[in-house]
Amino acid sequence: MPPRAAAPAKEASPLRVVQAAIQAGQFEPVYYLCGDDDYLKDGAVRDLLTAAIDPSTRDFNCEIRRAADLDAETLGSLLATPPMLAERRAVVLRDVTALKKAARAQLDAYLKRPAGDTLLLLVSPAGTKADAALAAASTALDFAPLTPERVRKWIAHHASTALAIGVTDEAAALLQQAVGNDLHLLAGELDKCASYVLGAPDASADAPATIDADAVAAVVGIRRGETVTDLLDAVARHDAKTAVALVTHVLGQPKVTAVQVVMMLTTQAFALAFGRARRDAGIPTNRLPQEYFAFLKETGGFPGRPWGEAASAWTKVTDQWSADACERALTLLLETDMALKDTTVSNAEQILMSLVLGLCATPRRRPA
């Protein structure tokens, strides 16, 4: 029986737990993968299977099944089958909480004494509440969505490890602003950017390949100064001329909708209202970045960029916003959200332009 790895500390991130097991070549008999980031879960399953199962015998020693398709007898057979011509076999049960009653009883019985030569991966889909009993009987890995800051780091890591290509900080920022924090979409756009760079006529086999902002602009269709972030900043400083000009560019970008823009503007408006209240309570301006970061961490709002960048941008304009202006902005945003969701309305661009004009027209706060 192969040695078992020591139980990881509870505070360890699921990615670190997986990498530690892979590097040591020692695996727990059962992992329960839950949480709302399916992309990270799928990657962890793939990495664990690659490391734990001999590729030459994988056809015999790797079973990937959907739990809802299994009865108790079939599941019992899967879990009782020994590895064939290998040290270990693997069983992956997707959507494990969908097991029928008898099959779940079979699984619960197995978890009391799991086989040491079987790697059992229990996977729950995003949006599913974690199963406390499964978590207690296994090594539970909760894959929560990455924060915007970690997504920015993930872009560079994925480019270097999966695509063997570099990416500039500016390109990573531009890509995140265009695509958001969906890792699956980001991976697809990075792959296209890498192909574009490597296939360029002037690409050198000797020089290290790097995705820059020009490559992102060419592939994704987004240019510097025309991102959702630029629109948010223009609204925040009451720059109606710039904001209105940006609406068409922003809505013309792939995967950007008016509803998404309104959601980000709403996050910004709530943040500015929070910042105004903190300033009125006597908090100095130099403390605002920390206050904004704590606000985002507590609320989980998506500001369209990493939290640190959003906090810095909002700090610069907080003193231009009064409590009344913030309240008026939130009313306009609610009305716009309702209008966009009205099936009789078709011109989202016109609605968003009207919103932007209204937000920029909210009176600036007069200096005390």
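The values are calculated or read from the model by the stated rules, or taken from the named source; none is laboratory data. Just so it is clear, the structure is predicted and the values come from calculations on it, not from any experiment. Note that we place each Cβ from the backbone using ideal geometry, even for glycine, and neighbour counts take in every protein chain shown. For the accessible areas, the whole protein counts, side chains as well, though only heavy atoms, and no ligand, DNA or RNA atoms are used. Shrake-Rupley method; radii C 1.70, N 1.55, O 1.52, S 1.80 Å.
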Rounded if a/c is under 1.5, else prolate if a/b is larger than b/c, else oblate: which is the chain, with a ≥ b ≥ c the root eigenvalues of its Cα gyration tensor? prolate
Using only the alpha-carbon atoms, how far is helix 323-340 inclined from the longest principal axis of the chain? Give it as 0 to 90 degrees, nearest 10. 60 degrees
Run down the lysines and flag those whose C-alpha is under 22 Å from the C-alpha of residue 341, throwing out any fewer than 8 positions away in its chain. 255
Part-to-part distance (alpha-carbon centres) for the stretch 244-284 and the stretch 87-107, which is given in Å: 44 Å
What lysines does residue 101 reach when the alpha-carbon gap must be under 20 Å and sequence neighbours fewer than 8 apart in one chain are set aside? 112, 129
So what is the relative contact order of the stretch 1-154, in percent, for Cα pairs below 8 Å that sit 6 or more residues apart? 36 percent
How high is the FRET efficiency between residue 69 and residue 130 when r is their beta carbon distance and R₀ equals 25 Å, given to the nearest 0.05? 0.65
Quick check for you: with a 1.4 Å probe and neighbouring chains kept, what is the accessible area per residue of the stretch 146-301, in Å²? 47 Å²
With every protein chain in place, the stretch 179-244: carbon and sulfur % of accessible area (1.4 Å): 51 percent
The chain, relative contact order [Cα under 8 Å, separation at least 6], %: 14 percent
